[in-house]
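**Student:** Supplied in structure tokens, the structure appears directly below.
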Amino acid sequence: MNINIFLLITLFLIQRSHGVIYELNDTEYDKMPPMFHLEPYGPCVHEPGGVYCTVELKLVSDGPSELMTMIEEYSLRREMHLNHSRLHRGVCVTRTCKDYLSQNTSADIHLVLEGCLNDTFWKQYKLKSKLSTEVLCNDLDNKMDIDYGDIAVAVICLAILMLNIIGSLYDFMFVPNKESKGNKLLMCFSIRRNWKKLVARPADGPDPRLRRLKGFNGLRTISIIIVIMEHSLLPFIISANDSHELERKYYNIIYHILIDGALVVQTFFVMSGCLLSYNLQLYAEKRDINWTMIPKGILQRWFRLTPSYAVVLAITTTWLRFAGSGPLWQSAVGVEVKDCRRDGWLNLIYLNNYIDESQCMPQTWYIAADMQLYIAGLIILTLATSVISRKIVLSVLFVVGLIIPACHTYIQNLDAGLIISPELVRDYFVKDRTFNHTYKRGHTNIASYILGISLGMLIYYLQKNEFSVEKYKKFKLIYWATLPVMLILLPSGSFFYFFQNNPSLYLKAIYSGVARPIFGSIIVLIILGMAFKLENVYRGILEWNGWATPARISYSAYILHVLFVRSLTGSRTTLIHVLFTLGTVIITYLVSYPYWLLVEAPSVSLSKIIFSLGAKEKSKAEAEVRKSERIPA
């Protein structure tokens, strides 16, 4: 029997108690008002005085209503169903509600829409409606003014462009020899030099042992593409043309493999922790590790991440609001601009993942969490210098990392994992308690980061002792099973909601504590097999040279992609079509290449110059001390 039919029958046979309706046939479903409806946008706003507004409204009933009862009971299945009492409408006020405009002498758009929509819903469904949020209107006569912040950001962007032009001309005209270094500051902005860096083959680095981590390029790129594709699916849910078909897909386990990819982010935590500990151990071979490395390491990390991040944040806060128009523009883009103006400073100090219900670049919760875990890992590895002390500290923190999410889930009665439910996505996750308390915090992701740190230490130790993998090659089949296990684990959080409405709180807490570390452990196994050449299938894919270039722009792609998701959603005048997801991925990467060349690459080169000058000054000072003490250098 088809698994989807089996699941539907099972759910329908499960007791329909506690006022929950699991499934409706098409006839029953069509009795409910459509979740989303957009009137034609262009003809409205281009007519003289035309006003187009989008609004979220709540269905209510003053008396007993079979339809309202059905809507409420069907909406209780929040993991699989949209809230059908919460509707979105795009209305041409000057056409649809012109009678109410003439009656309302105060021209209060809120009262006009409320009266107009109330009358419509009463005539069609014998229900009433209340506007649940502010009314967001687009009209071409209501132009936004350019303020000082817009001018300042424009000047900065123009300055960056001019520096790239000057640097490129300087490189082309005055530094014809590619081996000549030229002026270091100007060469940071040479597009020709940065392009060569972008398309270069994967570099081995100063130490040949780094060659074994070449597969990180493949892991990073594949994971970023998965994340972008998942985020690009959000508009399908936010403005679904057929909400019933969408909800049916949620009963298809294959669909959950596509949308429930929240665990993929653990790949980045594992890789980040691994690179931190591995590189620090290579560094320790030449220099002593002491506490002074902590502030320096934090500053280096901040300068590496922040300039590229800050430019996107600045554009989002200012010029993004002028970038388009559409029935969903204010709800998709205007809200983010407003929140970034209020909360953007928290993004620049990497605390935004501890602020809830802000739609300012919500995808950057990971960058903040990674920065926090990087600082914690740097402190641990710097202060705990012996192997034994590191093992003890990392073991304790790993156990703590298992317990903390479980405690959050149990005490706060949260979901077992982040469920990408239709209703959750409508608010870009920011109002979901599970997302806020266990998914995006730094301290709730510490287990995977500790796995990464331990992995870096293990790889370094095995390489140093010339570890041979030959006797382990008989376990190739087990190693190849890691990918199927990952595909099973990705949607595993959804299993809680297929067969019962109220999963055990103990089971949810246990899953919350172990799911991410288990996924992280699978990534650890994949990296270990790749690093020591256990087999050539997964390793061959991940170490393909073609991953090098997209891996270099992965950070730019990550911070840019939601900007395009929102902009494309907001500028559409009809409901979303199937090419949206693929189009978002393509546009993101097409823009990420020039963004890397013009912004990220120059900022990284500049940060290296700044810190290399500090290192040179320190070396000179040490040399002077040795000379004064007559100690051979």
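**Student:** Quick one: with all protein chains in place, what share of the accessible area of the chain is carbon or sulfur, to the nearest percent (1.4 Å probe)?
**Tutor:** C and S atoms contribute 65 percent here.
**Student:** Further, regarding this structure: Ordering Leu351, Leu451 by accessible area with a probe of 1.4 Å, largest first, what comes out?
**Tutor:** The ranking, largest first, comes out as Leu351, Leu451.
**Student:** Starting from the amide H of Leu131, placed 1.01 Å from N in the peptide plane, find each other amide H under 5 Å away whose residue is 5 or more places distant or on another chain.
**Tutor:** Result for Leu131 returns Lys58.
**Student:** If I model a spin label at Lys296 and Asp26 as a point 7 Å from the Cα along the Cα→Cβ vector, what separation in nanometres do I get?
**Tutor:** Distance between label points: 7.0 nm.
**Student:** For the chain, which cysteines have no second Cys with its Cβ under 4.7 Å from theirs?
**Tutor:** Lone cysteines by the Cβ rule: Cys157, Cys188, Cys274, Cys407.
**Student:** Moving to a separate point now. Of the listed values [x] 23; [y] 28; [z] 16, grab the one calculated as percent of Cα pairs over 47 Å apart from the structure here.
**Tutor:** Only one listed value fits the structure, namely [x].
**Student:** Okay, moving on. Going Cα to Cα from Lys181, which lysines come in below 27 Å? Please leave out same-chain ones fewer than 8 positions away.
**Tutor:** By straight Cα distance, Lys181 reaches Lys196, Lys197, Lys286, Lys296, Lys608, Lys616, Lys618, Lys620.
**Student:** For the chain, report the accessible area per residue in Å² (1.4 Å probe, heavy atoms, rounded to an integer).
**Tutor:** For the chain, the solvent-accessible area averages 48 Å² per residue.
**Student:** Sticking with this one: Pull up the cross-link candidates among the aspartates and glutamates for Lys391, meaning alpha carbon to alpha carbon under 14 Å and not fewer than 8 places away within one chain.
**Tutor:** Qualifying aspartates and glutamates at Cα under 14 Å: none.
**Student:** On a 0 to 90° scale, report how tilted helix 148-174 is relative to the longest principal axis of the chain, with both axes built from alpha carbons and the result rounded to the nearest 10.
**Tutor:** Between helix and principal axis, roughly 40 degrees.
**Student:** Leaving ligands, DNA and RNA out of it, work out the accessible area of Ser607 with a 1.4 Å probe and give it in Å² to the nearest 10.
**Tutor:** 10 Å²
**Student:** Give me the lysines in straight-line cross-link reach of Lys338: C-alpha distance below 28 Å, same-chain residues under 8 apart excluded.
**Tutor:** Lys58, Lys130, Lys143, Lys431, Lys440
**Student:** Residue by residue through region 508-520, which ³J(HN,Hα) values in whole Hz follow from phi under the Karplus form 6.51 cos²θ - 1.76 cosθ + 1.60 (θ = phi - 60°), with glycine and proline marked x?
**Tutor:** In residue order, the calculated couplings are 4, 5, 5, 4, 4, x, 9, 4, 5, x, 5, 4, x Hz.
**Student:** Moving to a separate point now. Which order do you get for Trp544, Trp596, Trp291 if you rank them by accessible area with a 1.4 Å probe, largest at the top?
**Tutor:** Ranked list, largest accessible area first: Trp291, Trp544, Trp596.
**Student:** How far is it, in nm, from the label point at Val469 to the one at Phe303 when both lie 7 Å from their Cα along the line to the Cβ?
**Tutor:** That separation, rounded to one decimal, is 3.6 nm.
**Student:** Additional query: So, R0 is 22 Å and r is the distance between the beta-carbons of Arg192 and Ile609; what FRET efficiency does that work out to, to 0.05?
**Tutor:** Once rounded, the FRET efficiency stands at 0.75.
**Student:** To continue, here is another question. For Leu346 and Asp147, FRET efficiency with R0 = 22 Å and r from the beta-carbon atoms, rounded to 0.05?
**Tutor:** With R0 = 22 Å, the Cβ-Cβ based efficiency is 0.55.
**Student:** Report the gain in length on full extension from Cys407 to Asn252: 0.36 nm times residue separation, minus Cα-Cα distance, nm rounded to one decimal.
**Tutor:** 52.7 nm
**Student:** Between Ala200 and Ile392, what FRET efficiency follows from the Cβ-Cβ distance if R0 is 51 Å, with the result rounded to 0.05?
**Tutor:** Rounded to the nearest 0.05, the efficiency is 0.75.
**Student:** Under the definition of Cα pairs under 8 Å and six or more residues apart, what whole-number percent is the relative contact order of the chain?
**Tutor:** So the answer I get is 21 percent.
The values are calculated or read from the model by the stated rules, or taken from the named source; none is laboratory data. Just so you know, these numbers come straight off a predicted model, no measurement behind them. With ideal geometry, Cβ positions are generated from the backbone for all residues, glycine too; neighbour counts draw on all protein chains shown. For accessibility, only protein heavy atoms count, side chains too; no ligands or nucleic acids. Shrake-Rupley method; radii C 1.70, N 1.55, O 1.52, S 1.80 Å.
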